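I have placed the structure first, in the form of structure tokens, so that the comments after it can refer back to it.
The values are calculated or read from the model by the stated rules, or taken from the named source; none is laboratory data. The structure presented is a predicted model; accordingly, all values stated were derived computationally and were not measured. All Cβ positions, glycine included, derive from the backbone under ideal geometry; neighbour counts span all protein chains shown. SASA here: full protein model, heavy atoms, side chains in, ligands and nucleic acids out. Shrake-Rupley method; radii C 1.70, N 1.55, O 1.52, S 1.80 Å.
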Amino acid sequence: MRNKSLDAGKAMAAFGVVFIHVSFPGQTGQIIKALARSAVPFFFMVSGYFCYYNRRNTDRGKRITDKIPAKVQHILTLLAFAVLFYFLWESAMHLVEKEAIGPWMQEMVKKEHLKELFRYNSTSQLKPHLWFLPALIYCYILDYFIEKLHLGKLAYLSVPVLLGCFLWRAYFGRFQGVFYHTMEYRNYFFMGMPFFLTGQMIHEYEKLLDRKLSWQVLAVGGLLGSGSIIWEYFQAGAREVYPGNVLLAVCLFLLCILYDTKSRRLEYLAVLGREFAFPIYLLHPSVAELMKKLADFLGISRNPAYLWLRPILVCGCTIFLVRAVSRLWSSQQKCGIVFRRHN
């Protein structure tokens, strides 16, 4: 049976990704963006959680290493689709803006940019938000060798080290005058693996955690994480991540895993998370660009009401488009089956 709370959590995380890239106006928008940065760690934990088998099973190493290649193939397919879609999209945008496509394509395949892609999962030359897919592939590949070499327990011990390096590069180092480029910490190794492995640990020790942690404790932890993020924002200004995001993401994930709800009030949100989390993540920048062009055409791009509604409209329009395409595809599939049966 599916975990309805986890599906709802995935929907909230997908909306969080939108709110990072399409923010609400003013300081309130920056605070919402700071809170929303917990979304990506949440998604890495989801992937790690579902890439786990019980270590007490003697066949675990063989079974999980059989499972990972299929996951890598699936993400590679999604990545290929995303790259093709945004290559065509950006080409069309260049034509609309009457800009030359050649220089953009040459810039995209420069040696230094390809190095950044393979080393840091940077996809900024096409669409920055796509970095998550190659980073997730790298996480699966690393996990494959961890399981093959039976280094699971040692990998768990590396989590606080990797997490410390991640927070140092992303946040604490700046107070000591040490600065890192975003891609030097927002990548598979420093951001992906600690949360991916945390998801696996939560799965392995789920029964123990269920006995030790009440939903009240996790709710308080989530509130403390949220309060910490807001305080850190006012202290340090806009950052890619805050220490509070770690606490908020872990507490929310544990709440979803340990306290699944059967309430019908979450049904719609659970459906969104189950069916639309990836399409929202993938397509929202293109929907936002179209909406911006339409707002410029209508002369409302600076209207306060529009600016407050814009992130919500991007989510809604993305869901509407995906639903429409999905229904059209299903109708064509059914028509094709009926036609073949008739013949």
### Query
What accessible area, in Å² to the nearest ten, does a 1.4 Å probe give for SER301?
40
### Task
Using Cα positions and a limit of under 21 Å, work out the lysines in reach of LYS67, with same-chain residues fewer than 8 apart set aside.
LYS148, LYS153
### Query
Between LEU321 and HIS150, what is the spin-label point distance in nm, taking each point 7 Å from the Cα along the Cα→C-beta axis?
5.1
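Is any helix in the chain, taking whole DSSP H runs, at least 18 angstrom long along its axis by alpha carbon and on average at least 0.0 on the Kyte-Doolittle scale, and which ones? The partial results should precede the final answer.
Details: long enough: 4-21 (26 Å, 0.85); 60-96 (53 Å, 0.61); 132-148 (24 Å, 1.08); 152-170 (26 Å, 1.18); 215-236 (31 Å, 0.84); 243-258 (23 Å, 2.49); 267-298 (37 Å, 0.64); 304-342 (56 Å, 0.49).
What comes out of the filter, once short or polar helices are dropped, is 4-21, 60-96, 132-148, 152-170, 215-236, 243-258, 267-298, 304-342.
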### Query
Residues in segment 117-154 near a label at PHE278, defined as backbone nitrogen under 18 Å from the 7 Å Cα→Cβ point?
129-141
### Task
Run the accessible area of the chain with a 1.4 Å probe and give the carbon-and-sulfur part as a rounded percent.
65
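Residues of segment 209-258: accessible area per residue at 1.4 Å, in Å²? Don't jump to the answer; show the numbers that get you there.
Numbers: 2410 Å² over 50 residues.
Heavy-atom SASA per residue in segment 209-258 reads 48 Å².
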### Query
By per-residue mean of other Cβ atoms within 10 Å, what is the highest-first order of 173-180, 271-278?
271-278, 173-180
### Task
Mind giving me the nanometre distance, one decimal, between the label points for TYR180 and LYS207, set 7 Å out from Cα along Cα→Cβ?
3.8
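Starting from the residue with the highest accessible area, list TRP131, TRP215 in decreasing order, probe 1.4 Å. Before the final figure, lay out the partial values.
Values: TRP131 15, TRP215 135 Å².
Listed by decreasing accessible area, they come as TRP215, TRP131.
Could you tell me the calculated FRET efficiency between TYR268 and PHE234, based on Cβ-Cβ distance and R0 = 35 angstrom, to the nearest 0.05?
On the way: r = 35 Å, r/R0 = 0.99.
Step by step, r from the Cβ atoms, then E = 0.50.
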### Summary
Once VAL217, VAL250 are ranked on solvent-accessible area with the largest value leading and a 1.4 Å probe, the list reads VAL217, VAL250
## Note on the structure
Rg/Rh over Cα atoms for the chain, Kirkwood Rh, comes to 0.98
### Message
So, taking all protein chains as they sit and a 1.4 Å probe, how much accessible area belongs to THR123, in Å² rounded to tens?
### Response
20
#### Entry: Of LYS98/LYS293; LYS10/LYS293; LYS10/LYS115; LYS127/LYS292; LYS98/LYS292, those spanning more than 20 Å from alpha-carbon to alpha-carbon
LYS10/LYS293; LYS10/LYS115
### Summary
Per the helix-only model, the chain has a calculated mean residue ellipticity at 222 nm (DSSP H runs of ≥4, -39500 (n - 2.57) each, divided over all residues, rounded to the nearest 500) of -25500 deg cm²/dmol
